[in-house]
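A.B. asks: Provided herewith is a single structure, encoded as structure tokens, for subsequent inquiry.
Read-outs throughout are calculated quantities, based only on the coordinates presented, and are distinct from any laboratory measurement. Just so it is clear, the structure is predicted and the values come from calculations on it, not from any experiment. Here the Cβ is made from the backbone with ideal geometry for all residues, glycine too, and neighbour counts use every protein chain on show.
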Amino acid sequence: MNDVLIIGGGLAGLTAGMYCRMRKLSATVVDAGRPGGQLVSLYGDKPVHDWPGHVNVVANDLAQQLLDHALELGVEVVSGHKVDDLTRTDDGFEAQARDVLSGEVHRYGGRAVIIAIGGGAYEPRRLRVPGEDQLTEECLTYRMPDRARAAGRDVVVIGGGDSGLESAQSAHQAGGRVTMVQALDRFTGMETNIERVDAMNIRRHFNTRVRSLEIEDGRLRAVVAQTKGAPEPLRLPCDYLVVNIGQAVNLEGVKRWGVEVEGSQIKVDGHMRTSVEGVLACGDVVTYDGKYKLLLTAASEGCVAANSAYQYVRKPTRVTMTDLYS
């Protein structure tokens, strides 16, 4: 039985694990995929520009640094195990996890639990147009574009938020011929991302939605889109399509555990406490007044959740910093 069981090995979960160990709590991180969360699954080779102390750092490298730090501090990290169920026991909680490859069932215990599933609770939103499900990763992605695949190709990026803007920049830098399609009348990402796209003179179509895909012999040839008020649709040559239009959340498992959700996120207080005593949550999956989604925010929330777990497990008369790192 661990002191703390952490479900999710992204930035928030790994940071929570580090601070648990600094408080001399035993901690196990269980992740359905690879440790690093969206840094590896979504951003990959993309440079990160908003991590303090780095002008830019490749997302994969940042994830590895975080993982190495956690392991150095003694955090146990388990990958490829998806938690399906969480139940309360006499001395804490027990999670039932399934090996995503073999299907074998494993069980993990913790006196307290931190839910940090982040992007693991989300699935990318699809265009829902005919032919979309036929396309392979060679010509369609819902994440950051593969730079090797983007080079020298006609790349259409759907979406005008930060993910879409960053995908367009990456594909352009890789040598792709990039066109952006945005349903709104403006981009919605951070000003710096918009400025970079403007400086690259990347083509864009606002107030435009995808109507169909032109597919020939299983290969994508073009995207057909309709601009609001235009008499005829656009035919945009495309052999590599990047769809960044948000994510759909699936919190059915979390609801079964008795944890209160608000909309598509887990409701927490300022201590990262959920509606279930002994269960904390942090990272992209949580919501509270003033929430601002940044990597730095996720790390901070992981620290707060770990400190709350320390209070729940150790029940100190008062919380001080004297035992941190001790």
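A.B. asks: From Cα pairs below 8 angstrom and at least 6 apart in sequence, can you work out the relative contact order of the chain, rounded to a whole percent?
C.D. replies: That works out to 20 percent.
A.B. asks: Helix-derived [θ] at 222 nm for the chain: sum -39500 (n - 2.57) over DSSP H runs of at least 4, divide by residue count, nearest 500?
C.D. replies: Computed mean residue ellipticity for the chain: -7000 deg cm²/dmol.
A.B. asks: Once Rh for the range 53-191 is found with the Kirkwood sum over Cα pairs, what is the Stokes-Einstein diffusion coefficient at 20 °C and 1.002 mPa s, in µm²/s?
C.D. replies: Translational D for this selection: 114 µm²/s.
A.B. asks: Lys/Arg Cβ at +1, Asp/Glu Cβ at -1, dipole of the chain taken about the Cα centre: which of 175, 112, 208 is farthest positive-ward?
C.D. replies: Value: 208.
A.B. asks: Give the long-range amide H neighbours of residue 221: residues separated by 5 or more places, or on another chain, with amide H under 5 Å away, using H modelled in the peptide plane at 1.01 Å from N.
C.D. replies: 214, 215, 216
A.B. asks: Within the chain, what percent of beta bridges assigned by DSSP are antiparallel, to the nearest 5?
C.D. replies: Once the DSSP bridges in the chain are tallied, antiparallel ones form about 50 percent.
A.B. asks: Over 26 Å between Cα atoms, which of 228/291; 267/293; 24/293 qualify? Don't jump to the answer; show the numbers that get you there.
C.D. replies: Numbers: 228/291 33 Å; 267/293 15 Å; 24/293 29 Å.
From the list (228/291; 267/293; 24/293), the Cα-Cα distance tops 26 Å for 228/291; 24/293.
A.B. asks: Can you compute the radius of gyration and Dmax for the range 221-280, using only the Cα atoms, both in Å?
C.D. replies: My reading of the Cα-based Rg and Dmax gives 20.9, 59 Å.
A.B. asks: Which ³J(HN,Hα) values in Hz, rounded to whole numbers, follow from the phi angles of the range 178-183 under the Karplus curve 6.51 cos²θ - 1.76 cosθ + 1.60, where θ = phi - 60° and Gly and Pro get x?
C.D. replies: Values per residue, Gly and Pro as x: 9, 10, 9, 10, 10, 5 Hz.
A.B. asks: Could you give me D for the range 165-305, from Stokes-Einstein at 37 °C and 0.692 mPa s, where the hydrodynamic radius is the Kirkwood radius over C-alpha pairs? Units µm² s⁻¹, please.
C.D. replies: Once the numbers are plugged in, D ends up at 179 µm²/s.
A.B. asks: Still on this model: Ranked from highest to lowest mean number of other Cβ atoms within 10 Å per residue, what is the order of the peptides 222-228, 47-53, 274-280? Intermediate results must be reported in sequence, preceding the final value.
C.D. replies: Values: 222-228: 17.1, 47-53: 13.1, 274-280: 19.9.
Top of the packing list down: 274-280, 222-228, 47-53.
A.B. asks: Magnitude of the Cβ-charge dipole of the chain, K/R +1 and D/E -1, about the Cα centre, nearest 20 debye?
C.D. replies: Once rounded to the nearest 20, the dipole reads 460 debye.
A.B. asks: Continuing with the same structure: Using the Cα centre as the reference, give the magnitude of the dipole from point charges on the C-beta atoms of the range 226-326 (Lys, Arg: +1; Asp, Glu: -1; all else neutral), rounded to the nearest 20 debye.
C.D. replies: Taking the Cα centre of the range 226-326 as origin, the dipole is about 180 debye.
A.B. asks: Could you tell me what percent of the DSSP beta bridges with both partners in the range 126-243 are antiparallel, to the nearest 5? Walk me through the numbers on the way to the answer.
C.D. replies: Numbers: 12 of 26 bridges.
If I count the DSSP bridges inside the range 126-243, around 45 percent turn out antiparallel.
A.B. asks: Fewest first, what order do 165, 140 take by the number of other Cβ atoms within 10 Å?
C.D. replies: Details: 165 28, 140 20.
Sorted ascending by nearby Cβ count, the order is 140, 165.
A.B. asks: Now, a different point. Normalised by the empirical 2.2 N^0.38 Å for globular proteins, what value does the Cα Rg of the chain take? Intermediate values should be presented prior to the final figure.
C.D. replies: Working: Rg = 21.6 Å, N = 326, 2.2 N^0.38 = 19.8 Å.
Relative to the 2.2 N^0.38 Å estimate, the chain comes out at 1.09.
A.B. asks: Sorted from largest down, give the three principal axis spans of the alpha carbons of the range 125-197, whole angstrom values.
C.D. replies: 35, 26, 16
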